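Reviewing the structure listed below.
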């Protein structure tokens with residue numbers, strides 16, 4: 001499977017896995033809620049994509065991406081100390 005990297009060496013399929021750059025931004029609670037909601041939707045979408053992937057390599061890439069999204073959700077939630085509630089993604 002081909003891998004693609006940006007000019008810093010970061011893996012484009014899995015941002016944050018290579019050539020990591022630390023960025024700190026200040027967001028309101030509402031903004032964090034929106035980010036978590038979007039990540040939850042992405043996780044749900046990836047779950048469906050993994051199930052419907054026809055090729056093993058694609059399925060594994062999607063699984064790894066889903067795991068990265070789940071870790072990011074956990075990191076954000078732990079950083080916020082569980083003070084953020086996320087609405088369940090709508091089925092669509």
Report task. Would you confirm whether any residue within segment 44-54 is in contact with a helix residue (DSSP H, G or I) (Cβ under 6 Å, 6 or more places away or on another chain), free of Cβ contacts under 8 Å to residues at least 40 places away in the same chain, surrounded by 13 or more Cβ atoms within 10 Å (Cβ to Cβ) and part of a loop (DSSP other than H, G, I, E, B)? Result -> yes
Query raised in the report: Within segment 64-86, can you find the residues that are at pLDDT below 55 and under 13 Å from residue 38 (Cα atoms)?
Result: 86
Report task. Inspect segment 10-26 for any residue being at pLDDT 85 or above, closer than 22 Å to residue 80 by Cα and surrounded by 10 or more Cβ atoms within 10 Å (Cβ to Cβ) and give the result as yes or no. Result -> no
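Is it the case, given these coordinates, that residue 41 is modelled with pLDDT under 95 and assigned to a helix (DSSP H, G or I)? Walk me through it before giving the result.
Details: modelled with pLDDT under 95: no; assigned to a helix (DSSP H, G or I): yes.
In short, no.
The values are calculated or read from the model by the stated rules, or taken from the named source; none is laboratory data. This is a predicted model, so every value here is computed, not measured. Glycine also receives a Cβ, built like all others from the backbone with ideal geometry; neighbour counts cover every protein chain displayed.
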